[in-house]
């Protein structure tokens, strides 16, 4: 199912996006941003979902629908698909960051320049109510309020929680 929000923004509902699980015994509640615009992104998101289901230190609690939206920064590239997911984990913030970077690498992420096209981008948006600022990780994510790619999926995520 598709929902056109305007000429540049479309919500898409596909297998696993959105999804909802109720219970987890893991400790920390985290909101992550998921994005990509290289290759078959929807299939990669499905594979990411299945990959995360197998990892014992992360439980996927809920995912938003996918948002198809234009790039920012470097504009000469394909539209992005973005989603957000609530996860629970026992990992600490830096451990989670390291794991997310490992997953990006597993899915062939290359970092050629800022805002470059990418197969997969995983960002920690919120980690409970923690605030953290160091050269590797800033929590909450510094640009989350400026990005439709985070805000719109968050709105649809919160609508599903009601």
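Annotation note: Cβ proximity below 7 Å between a residue of segment 18-46 that is in contact (Cβ under 8 Å) with a residue 24 or more places away in the chain and on the phi < 0 side of the Ramachandran plot and a residue that is in a helix (DSSP H, G or I) and exposed (fewer than 15 other Cβ atoms within 10 Å of the Cβ) (sequence gap 6+ or interchain) occurs for 18/160; 20/160. Within segment 144-151, is even one residue loosely packed, with under 13 Cβ neighbours inside 10 Å, under 15 Å from the mean Cα position of the chain (by Cα) and either on the phi > 0 side of the Ramachandran plot or at pLDDT below 95 (or both)? Looking through segment 144-151, at least one residue is loosely packed, with under 13 Cβ neighbours inside 10 Å, under 15 Å from the mean Cα position of the chain (by Cα) and either on the phi > 0 side of the Ramachandran plot or at pLDDT below 95 (or both). When you look at residue 98, is it at pLDDT 95 or above, more than 23 Å from residue 23 (Cβ to Cβ) and surrounded by fewer than 19 Cβ atoms within 10 Å (Cβ to Cβ), yes or no? So residue 98 fits the description; yes.
Go over the candidates 107, 127 one by one and state the one that is closer than 23 Å to residue 64 by Cα, modelled with pLDDT of 95 or more and buried (at least 18 other Cβ atoms within 10 Å of the Cβ). Even if it seems obvious, please write down each step before you answer.
Working: 107 fails: modelled with pLDDT of 95 or more.
Residue meeting the stated conditions: 127.
Applying the set (1) out of contact with any strand residue (DSSP E or B) (no Cβ under 9 Å at 6 or more places or on another chain); (2) over 26 Å from residue 95 (Cα atoms) to residue 80 leaves exactly one unmet item: (1). Against the numbered list (1) in contact with a strand residue (DSSP E or B) (Cβ under 9 Å, 6 or more places away or on another chain); (2) surrounded by fewer than 18 Cβ atoms within 10 Å (Cβ to Cβ); (3) not in a strand (DSSP E or B), residue 5 comes up short only at (3). Of 116, 83, all but one fail to be touching a residue at least 24 places away in the same chain (Cβ under 8 Å) and within 22 Å of residue 145 (Cβ to Cβ); the exception is 83.
In this structure, is residue 152 touching a residue at least 24 places away in the same chain (Cβ under 8 Å), farther than 17 Å from residue 41 by Cβ and in contact with a strand residue (DSSP E or B) (Cβ under 9 Å, 6 or more places away or on another chain)? Taking the combined requirement at face value, the residue does not satisfy it.
Exactly one residue out of 67, 31, 11, 50 is under 17 Å from the mean Cα position of the chain (by Cα), exposed (fewer than 15 other Cβ atoms within 10 Å of the Cβ) and not in a loop (DSSP other than H, G, I, E, B): that is 50. Restricting attention to segment 118-141, the residues that are part of a loop (DSSP other than H, G, I, E, B) and touching a strand residue (DSSP E or B) at 6+ places or on another chain (Cβ under 9 Å) total 9.
The values are calculated or read from the model by the stated rules, or taken from the named source; none is laboratory data. These numbers come from a predicted model, not from an experiment. Neighbour counts run over all protein chains shown; Cβ positions are idealised from the backbone, glycine included.
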